[in-house]
Each structure stands twice: as C-alpha cells, then as structure tokens.
Amino acid sequence: MYSRIVVPLDGSDVAERALDEAKDMSSLTGAPLHLLRVVDPLAYQHASLTGMFIEGEMVAQALADEEEQARHYLAKISSGLERGAPAVAADVVRGPTVTAIVRFCQPGDLLVMASHGRGGLMRFFMGSVAEGVLRQATVPVLLIRARNADESS
C-alpha cells in the first residue's frame, strides 16, 4: 500500500504526536518509518534582521552544529520506535522547511505530520508548515491535529 511512512519532526512535543499514528500505520501496512528533520538555512538569515551581524563562517558552523544535533535527536527517537515498527530510517536535509519536506517524499509515500495548530497572528507571522505541505504535497498527507493542554484526550 505505502512504500514508506514519512514523519517530519522539528524537535517539538507537538511534532512527536504524529509518531503514534505513524507507528500504527507502519504496523498495519508493513511500510518502514522514515523520520525526517529539516535544517533551514533561511532561519539564520532572519538573525540579521534583529540587529545581529553574522559572518558566513559562523552561519556554516551553526548549520553544521544544528545538523549534528538533528542526527542525535533522530537517533534517539529511532531507537525508541524500533521495537514496534517494521523498520526505521532517518534523514537530515537542508532547505526551506516546506520545500524540503515535499521534495523528500517519493511516489508511494504517506506523509504523517502534526500541526502546531497556530492561528491568527501567530500563523500570519510564523507561517504554517502543515498548511504549506498540504498545498504542495504530491503524496497523501495524514495531518494529526495538535491539542491544547487544556483539552481532554
């Protein structure tokens, strides 16, 4: 049915809420889980807008450090999932977040991700990765709605 279950993670608890559903889909279909973490170089360009001057070498080092942290994070998540999923793989990619997620997916994939549920001004200023992915994805997307802390399960 699916060749891979792709789960983009940003390190947040909200993003990790997609893991349970992705694991269930993996078990039902036999498709391996493929965790994805995007390192967005554009995030560092915004630092200059706040008055900080960042040299190119510093940006390159910061990106390398972030990629290393992302690999450790994905290894930790992967080790916790390996017991219940047919197979778990992980990748760290660079690029604008939405574009990188969409480009990573291949025909036959199912993309499972959580929405942070931002609305109003927060969504206007920060954008919505989930919305961007839904608009551009060429594979099926299963979007897990984030729940507020005050909502019951």
Give me the pairs, please: first residue somewhere in the range 1-23 and within 9 Å of Val112 (Cβ to Cβ), second residue anywhere and open to solvent by less than 60 Å² (accessible area, probe 1.4 Å) and part of a helix (DSSP H, G or I), beta-carbon distance under 6 Å, and either six or more positions apart or on two chains.
Ile5/Ala22; Ile5/Met25; Ile5/Ser26; Val7/Ala18; Val7/Ala22; Pro8/Ile101
Might you let me know whether the range 116-130 holds any residue that is within 18 Å of Pro96 (Cβ to Cβ) and at pLDDT 90 or above?
no
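The values are calculated or read from the model by the stated rules, or taken from the named source; none is laboratory data. Computed from a predicted model, the values in this text were never measured in an experiment. We place every Cβ from the backbone using ideal geometry, glycine too, and count neighbours over all the protein chains shown. Side chains are part of the model used for accessible areas, which takes the heavy atoms of the whole protein and leaves out ligands, DNA and RNA. Shrake-Rupley method; radii C 1.70, N 1.55, O 1.52, S 1.80 Å.
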